[in-house]
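Chemist: What follows is a single structure, and I will ask about it in a moment.
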Amino acid sequence: MATALGALPALFISSISERAQGILLGFGGGVMLAATSFSLLVPGTEAAMALGHSRFIAALIMVAGLLVGAVFLESAHRFFPHEHFFKGVEGENHAHLKRIWLFIIAITLHNLPEGLAVGVGFATGEMVQGLPLAIGIGLQNMPEGLVVALSLVAQGYRRLFAFQVAVLTGLVEPIGGIIGATVVSLAQPLLPWGMAFAAGAMLFVISDETFPNPIGRV
């Protein structure tokens, strides 16, 4: 819903300044960074300690899970051909794919970890963990939806089609949420690992896609 709401202006305007895009993406990246820290890493450490681990072991679990999540996303970026809206084509064997499908793959790689993080957050059984994460990612998705839609309009796609694709990017996240919540709910000892993995995936998205774009624009 937040992604759709953010993409709505694309039905009426054709572009916004690069500075405005940078500010919007920078805002979204900051929100995601805060949500990753305070709704995944901190409660993940507490969950590991609640399972009987020492503070040191809990910290090691967070570091290890974070690295696994980041490496997993990096591997996915290398394996799947895709195209970022601002960074261009990445991955192998992209020559025969239409550009719109490259965009869709990039969107999937970007948003799936966000849904995964929300699902893991709610899997704790406490609204205080999942709700701030969901709100933070929702706020981030509003400017992202607008930038995605306007980028497609700028490349010659119809406004309605651009809006529909932007909305589709938001529909990817519930899939990740279901996966994250299901896996962690079936095995509670996996909760701290799941939260660390989701945090690593989120941090990779922030560093690889969100922050590099506004830096180049502002």
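The values are calculated or read from the model by the stated rules, or taken from the named source; none is laboratory data. As the structure is a computational prediction, the values presented were derived from the model and not from experiment. Here Cβ is always computed from backbone atoms with ideal geometry, including for glycine, and neighbour counts include all displayed protein chains. Note: accessible area is taken over every heavy atom of the protein model, side chains too, but ligands, DNA and RNA are not part of it. Shrake-Rupley method; radii C 1.70, N 1.55, O 1.52, S 1.80 Å.
Chemist: Could you say whether any residue in region 189-207 is touching a His at 6+ places or on another chain (Cβ under 6 Å) and within 28 Å of Ile13 (Cα to Cα)?
Modeler: yes
Chemist: Starting from region 1-22, take each residue that is over 17 Å from Gly156 (Cα atoms) and list its partners that are modelled with pLDDT of 85 or more and surrounded by fewer than 15 Cβ atoms within 10 Å (Cβ to Cβ), counting only C-beta distances under 9 angstrom and pairs at least six apart or across chains.
Modeler: Thr3/Leu171
Chemist: Looking at Ile178 and the list (1) surrounded by fewer than 22 Cβ atoms within 10 Å (Cβ to Cβ); (2) modelled with pLDDT under 80; (3) under 19 Å from the mean Cα position of the chain (by Cα), which single condition is not satisfied?
Modeler: (2) is the only condition that Ile178 fails.
Chemist: Sticking with this structure for a sec: Would you point out which residue out of Leu171, Leu139, Leu146 is free of Cβ contacts under 8 Å to residues at least 24 places away in the same chain, of a type outside the set (Lys, Arg) and open to solvent by 10 Å² or more (accessible area, probe 1.4 Å)?
Modeler: When all the criteria are applied, what remains is Leu171.
Chemist: Let me ask another. From the list His77, His53, His94, pick out the single residue that is part of a loop (DSSP other than H, G, I, E, B) and either at pLDDT 55 or above or closer than 21 Å to Glu126 by Cβ (or both).
Modeler: Only one candidate passes the filter, namely His53.
Chemist: Can you go through Val68, Val165, Val120 and tell me which one is assigned to a helix (DSSP H, G or I), at pLDDT 70 or above and open to solvent by 60 Å² or more (accessible area, probe 1.4 Å)?
Modeler: Val68 is the lone residue from the list that is assigned to a helix (DSSP H, G or I), at pLDDT 70 or above and open to solvent by 60 Å² or more (accessible area, probe 1.4 Å).
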